[in-house]
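See below for the structure under consideration.
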Amino acid sequence: MKKLIIANWKANPVSAGEAVRLARGIEHGLKKVKAEVVVAPPFEFFLPVGRVLRRAKLGAQDIFWEGSGPYTGEVSWQELKKLGVAYVIVGHSERRRLLGETDEMINKKVSAAIKAGIVPVLCVGEPARIRKRGINTAKNFVKIQLQKDLVRLPEVSAKGGSAAGGKGQMSKVVVAYEPIWAISTQKGAKADTPENAAEMIRYIRSVLNSKFLIRNSTVIYGGSVNAKNAARFLGHPEIEGALVGGASLKPKEFLKIVAAAS
Ligand code: PGA
């Protein structure tokens with residue numbers, strides 16, 4: 001299976017010209033690459049960046065659950081769909097923490113993405129204070145996030161229910177395990193060890209399989225992935241890709257991560 005590498009540009013860069021330059025730099029390096037690559041720029045650069053992308057797919061960093069209407073400042077699932085967005089990051093820890101995004105809101109967003117045919121990339125992960133209490137406490141924290149964020153999805157019903165999707169097919173769901181303390185912009189951040197990340201990802205997959213009957217899932221790691229450590233993460237068969245923040249703003253470095261995945 002192809003690994004999935006997602007560039008999360010966050011609120012960078014600040015000009016369309018720079019966004020296009022970055023996108024071109026990434027796109028040019030993708031000729032012989034076997035990974036699935038997604039570039040998630042800020043909303044305002046979707047058009048110019050979307051025009052540059054050929055092999056890479058366009059991603060969004062957020063989605064609103066209504067299709068249109070009186071929702072000041074939101075970007076709806078219909079708008080994303082019209083713009084050709086293939087993947088959407090949902091529930092990133094920065095949105096949970098800084099903007100008060102709740103599990104209930106995240107659940108609606110995952111649901112809207114599935115209905116729109118956009119693959120949700122659900123971010124889960126524990127803060128440092130939880131991880132200090134050990135990996136089992138962290139697993140429990142992540143399990144509760146998954147249970148709240150993935151409840152009652154349109155085509156992904158909990159065990160015992162039936163899959164209600166048109167053709168009875170499960171939608172594709174991507175889960176990104178991002179321990180908050182490992183995100184590069186956090187004070188004193190450092191990447192998790194590939195072994196811990198792989199263990200947590202195995203656990204997440206077991207929760208998806210047993211609780212939600214989600215078999216069509218991809219579970220990836222995020223948190224200070226860079227050109228130096230990428231091969232160690234992506235070499236693990238359990239780690240099916242990476243969500244990359246800081247290093248995705250440097251095309252050469254990002255392409256080394258993609259190369260490590262292919
Ligand atoms: P980072 O960010 O790669 O800069 O740690 C990852 C993320 O926040 O998605």
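The values are calculated or read from the model by the stated rules, or taken from the named source; none is laboratory data. Keep in mind that this is a model prediction, so the values were computed, not measured. Reconstructed Cβ throughout: ideal geometry from the backbone, glycine too, with neighbour counts over all protein chains shown.
Of all residues in the range 181-193, those that are farther than 15 Å from CYS123 by Cβ have Cβ atoms under 8 Å from Cβ atoms of residues that are within 7 Å of the ligand (Cβ to nearest atom) and assigned to a loop (DSSP other than H, G, I, E, B), 6 or more apart or on another chain, in ALA189/ILE183; ALA189/GLY223; ALA189/SER224; LYS190/SER224; ALA191/GLY223; ALA191/SER224; ALA191/VAL225. Within the bounds of the range 251-260, is there any residue that is at pLDDT below 95 and either at negative phi or assigned to a strand (DSSP E or B) (or both)? No: the range 251-260 contains no residue that is at pLDDT below 95 and either at negative phi or assigned to a strand (DSSP E or B) (or both). If you go through the range 98-136 and keep only what is more than 15 Å from the ligand (Cβ to nearest atom) and surrounded by fewer than 14 Cβ atoms within 10 Å (Cβ to Cβ), you end up with GLY100, THR102, GLU104, GLY117, ARG129, LYS132, ARG133, GLY134, ILE135, ASN136. Any residue that is more than 15 Å from the ligand (Cβ to nearest atom), among the hydroxyl-bearing types (Ser, Thr, Tyr) and in a helix (DSSP H, G or I) - is there at least one of those in the range 227-248? Within the range 227-248, none of the residues are more than 15 Å from the ligand (Cβ to nearest atom), among the hydroxyl-bearing types (Ser, Thr, Tyr) and in a helix (DSSP H, G or I). Please determine whether any residue of the range 186-196 is buried (at least 16 other Cβ atoms within 10 Å of the Cβ), more than 16 Å from the ligand (Cβ to nearest atom) and at pLDDT 95 or above. No, the range 186-196 has no match at all. For the residues GLY91, GLY59, the requirement of being surrounded by 20 or more Cβ atoms within 10 Å (Cβ to Cβ), under 25 Å from GLN186 (Cβ atoms) and out of contact with any helix residue (DSSP H, G or I) (no Cβ under 9 Å at 6 or more places or on another chain) singles out GLY59. Restricting attention to the range 203-226 and to residues that are more than 10 Å from the ligand (Cβ to nearest atom) and part of a loop (DSSP other than H, G, I, E, B), the residue that is surrounded by the fewest Cβ atoms within 10 Å (Cβ to Cβ) turns out to be ARG215.
Pairs are defined by a Cβ separation below 7 Å, a sequence spacing of at least 6 or placement on different chains, a first member in the range 127-144 that is without any contact (Cβ under 8 Å) to a residue 24 or more places away in the chain and part of a helix (DSSP H, G or I), and a second member that is surrounded by 13 or more Cβ atoms within 10 Å (Cβ to Cβ) and of a type in the set (A, V, I, L, M); the pairs so defined are ILE130/ALA138; THR137/ILE130; PHE141/ILE130.
Against the numbered list (1) away from the ligand (no atom under 13 Å from the Cβ); (2) under 14 Å from VAL175 (Cβ atoms); (3) buried (at least 19 other Cβ atoms within 10 Å of the Cβ); (4) not small (Gly, Ala, Ser), LEU255 comes up short only at (2).
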